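Data block below; observations after.
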Amino acid sequence: MTKFDPKRRFSPEAVKAASGDGEKSDTAKLSSVAQEVAAQYRRDTMSPVMVSGALRLAELALLFITGLALYVYHVGFLGHLGWQYPLVILTASLAAVVFFEVMDCYQPQSLMRPTATVGRITLCWAAAFALMALTAFFMKVSSDYSRLLFGGWFVLGLALLIGLRLIMARFIRRWARDGRMERRAVIVGGGKAAEVLIRSIEQQPYNDIRICGIFDDRDDRRSPPIVAGYPKLGTVSELLKFARIARIDMLIVSLPLTAETRVLQLLKKLWVLPVDIRLSAHSNQLQFRPRSYSYIGAVPMLDIFDKPINDWDSVAKRAFDIVFSLLGIVVFSPAMLATAIAIKLDSKGPVLFKQKRHGFNNEVIEVYKFRSMYTDQSDPTARKSVTKNDPRVTRVGRIIRKTSIDELPQFFNALFGSLSLVGPRPHAVAAQSHNLLYNEVVDGYFARHKVKPGVTGWAQINGWRGEMDTDEKIRKRTEFDLYYIENWSLWFDIKILFLTPIRLLNTENAY
């Protein structure tokens with residue numbers, strides 16, 4: 001099958017026929033072209049930030065191990081200055097990596113062009129040695145250390161750094177060519193402004209941006225179906241559906257700041273997506289200070305929204321989930337075993353209950369719970385909320401729902417990755433309030449799905465758990481969830497996790 005290329009030349013007639021007419025609702029299907037593009041970008045990519053971060057660690061380890069090996073060879077294991085030498089070697093290695101960072105040696109452009117950065121690498125490595133020598137001079141200990149050892153470390157370390165950079169450049173170019181390491185961007189807004197922006201991005205050497213298409217609400221008279229070789233894939237409302245399917249990293253709004261009303265209308269629709277949102281400042285006549293901008297090559301962008309819990313933060317959160325999920329499974333295994341036995345003895349049916357709920361980026365996931373209802377009266381869609389003294393709930397079910405023991409199997413969801421331990425609680429896909437879906441009650445409700453949902457959350461420990469029988473309760477839960485997303489930190493997760501057992505003693509809203 002021929003690989004689809006979003007930049008292939010489409011005829012305006014073909015795109016218009018595929019795109020359909022005008023504004024579509026959120027429930028409308030994507031055009032065939034948009035579906036084809038979205039399918040191509042379903043697979044996750046390697047983040048350039050993660051790759052450069054891994055290289056930092058690799059270079060730090062390379063320099064430290066090389067220096068340590070030379071010390072052991074030259075002086076002997078734990079020989080002269082047995083702890084001072086390793087400490088100096090580690091400090092110099094850390095200083096070198098910091099200098100590399102300051103000199104932009106970890107930028108994607110630098111990683112793709114290792115020969116162009118040899119001078120900067122050499123200068124930074126020499127600066128680390130100069131700093132080390134200056135410190136030794138002022139502390140009057142320079143005569144205690146071997147000049148031969150450090151001279152050999154300088155030469156060998158530099159050679160290994162350059163060799164590693166050359167090898168990494170080959171891998172990075174291959175990953176970029178194969179689409180495995182890139183930032184996927186969608187242009188919001190078409191016409192001449194979008195064309196100028198696209199041309200500017202494409203002219204940037206070694207940039208890691210892959211433009212996936214254009215979305216614009218305007219008709220073909222004001223916004224052509226083809227811009228700089230890229231098809232207009234649909235309206236902004238359809239972009240929401242497109243971004244749920246494709247693994248998009250960035251939305252670039254190509255509208256001038258002077259179109260304030262239209263920009264705000266777009267952002268009101270787009271902010272619910274878990275992506276970086278940038279406003280192109282390429283053709284903007286208003287000038288801000290350089291620090292106000294981020295850049296794609298030399299193209300300035302204004303940062304509007306950042307994807308929450310991204311890159312290394314996501315690694316830390318995933319490690320947190322694995323460690324504490326395993327701990328929770330071990331600690332609560334007696335309670336889970338006793339609950340399983342009690343459910344079997346109390347009523348017929350399976351011990352576990354699987355329910356489809358909204359997960360990260362609005363994806364549908366299956367969440368595990370201990371069964372708390374009679375099997376023939378269970379409600380997998382949660383269309384009807386459980387109320388006080390609900391006849392569908394079993395005797396054991398009332399106890400485990402009150403104490404939240406029915407949620408314990410979700411430790412396995414967190415371990416396998418469909419849930420996080422801490423995050424907005426996932427709601428069933430058909431959950432309703434007064435015959436309205438939750439997203440129809442709260443404007444921006446789907447912004448809760450910008451991060452992975454959790455077993456417990458900030459809303460729950462603040463009392464917003466249990467039955468959502470009023471619109472106000474849904475709004476308050478959403479408000480607390482959005483506060484968590486905007487203020488996330490690992491310490492915040494730890495605080496919520498350890499407060500959960502204490503706050504669960506309040507069972508007022510749990511039925």
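The values are calculated or read from the model by the stated rules, or taken from the named source; none is laboratory data. Here the structure is a predicted model, which means the values were calculated and not measured. All Cβ positions, glycine included, derive from the backbone under ideal geometry; neighbour counts span all protein chains shown.
From the set of residues in segment 364-379 that are assigned to a loop (DSSP other than H, G, I, E, B) and modelled with pLDDT of 85 or more, which is surrounded by the fewest Cβ atoms within 10 Å (Cβ to Cβ)?
Of everything passing the filter in segment 364-379, 374 is surrounded by the fewest Cβ atoms within 10 Å (Cβ to Cβ).
I'd like to know if segment 440-451 contains one or more residues that are at pLDDT 85 or above and of a type outside the set (Lys, Arg).
Checked segment 440-451: at least one residue is at pLDDT 85 or above and of a type outside the set (Lys, Arg).
Which residue out of 172, 201 is touching a helix residue (DSSP H, G or I) at 6+ places or on another chain (Cβ under 6 Å), at pLDDT below 90, in a helix (DSSP H, G or I) and of a type outside the set (Asp, Glu)?
Of 172, 201, the one residue that is touching a helix residue (DSSP H, G or I) at 6+ places or on another chain (Cβ under 6 Å), at pLDDT below 90, in a helix (DSSP H, G or I) and of a type outside the set (Asp, Glu) is 172.
List every residue pair whose Cβ atoms sit under 6 Å apart, with the two residues 6 or more apart in sequence or on different chains, where the first one lies in segment 192-210 and is in the same structural domain as residue 256 (by TED's automatic domain parsing) and the second, anywhere, is assigned to a helix (DSSP H, G or I).
Every condition considered, the pairs that remain are 206/109; 206/112; 208/48; 208/108; 209/201.
Would you mention how many residues in segment 161-216 are among the hydroxyl-bearing types (Ser, Thr, Tyr) and more than 26 Å from residue 58 (Cα to Cα)?
1
May I ask you to verify whether residue 479 is surrounded by fewer than 21 Cβ atoms within 10 Å (Cβ to Cβ), of a type in the set (D, E, K, R) and modelled with pLDDT of 85 or more?
Yes, satisfied.
Report, by residue number, each residue of segment 129-169 that is of a type in the set (A, V, I, L, M, F, W, C) and either in a loop (DSSP other than H, G, I, E, B) or farther than 30 Å from residue 51 by Cβ (or both). I'd like the intermediate steps shown before the answer.
The first filter runs over segment 129-169 and keeps only residues of a type in the set (A, V, I, L, M, F, W, C), leaving 129-134, 136-139, 141, 148-150, 153-156, 158-162, 164, 166-169.
Listed by number, the residues that qualify are 133, 134, 136, 137, 138, 139, 141, 148, 149, 150.
For segment 133-141, check the following and say yes or no: at least one residue is within 19 Å of residue 107 (Cβ to Cβ) and either outside the structural domain of residue 237 (by TED's automatic domain parsing) or out of contact with any Lys or Arg (no Cβ under 6 Å at 6 or more places or on another chain) (or both).
No, because not a single residue in segment 133-141 is within 19 Å of residue 107 (Cβ to Cβ) and either outside the structural domain of residue 237 (by TED's automatic domain parsing) or out of contact with any Lys or Arg (no Cβ under 6 Å at 6 or more places or on another chain) (or both).
Taking residue 166 as meeting all but one of (1) without any contact (Cβ under 8 Å) to a residue 12 or more places away in the chain; (2) over 23 Å from residue 43 (Cα atoms); (3) of a type in the set (A, V, I, L, M, F, W, C), write down the number of the exception.
Among (1) without any contact (Cβ under 8 Å) to a residue 12 or more places away in the chain; (2) over 23 Å from residue 43 (Cα atoms); (3) of a type in the set (A, V, I, L, M, F, W, C), the lone unmet condition for residue 166 is (1).
Could you say whether any residue in segment 77-90 is under 32 Å from the mean Cα position of the chain (by Cα) and in a helix (DSSP H, G or I)? Reasoning before the result, please.
Here is the first cut: in segment 77-90, the residues under 32 Å from the mean Cα position of the chain (by Cα) are 90.
Pick out the ones that are also in a helix (DSSP H, G or I) and you get 90.
Yes, segment 77-90 contains a residue that is under 32 Å from the mean Cα position of the chain (by Cα) and in a helix (DSSP H, G or I).
As an exercise: evaluate residue 101 against (1) under 24 Å from the mean Cα position of the chain (by Cα); (2) under 30 Å from residue 246 (Cα atoms); (3) in a helix (DSSP H, G or I) and give the number of the one condition it does not meet.
Failed condition: (2).
Could you check, for segment 3-17, whether at least one of its residues is assigned to a helix (DSSP H, G or I), over 32 Å from the mean Cα position of the chain (by Cα) and at pLDDT 85 or above?
no
Name every residue in segment 341-363 that is in a helix (DSSP H, G or I) and more than 36 Å from the chain's Cα centre (by Cα), in order of residue number.
To start, the set of residues in segment 341-363 that are in a helix (DSSP H, G or I) comprises 341-346, 360-362.
Across segment 341-363, the qualifying residues are 341, 342, 343, 344, 345, 346.
Filter segment 397-420 down to the residues that are among the small types (Gly, Ala, Ser), under 26 Å from residue 348 (Cβ atoms) and part of a helix (DSSP H, G or I) and list them by number.
397 - this is the single residue of segment 397-420 that is among the small types (Gly, Ala, Ser), under 26 Å from residue 348 (Cβ atoms) and part of a helix (DSSP H, G or I).
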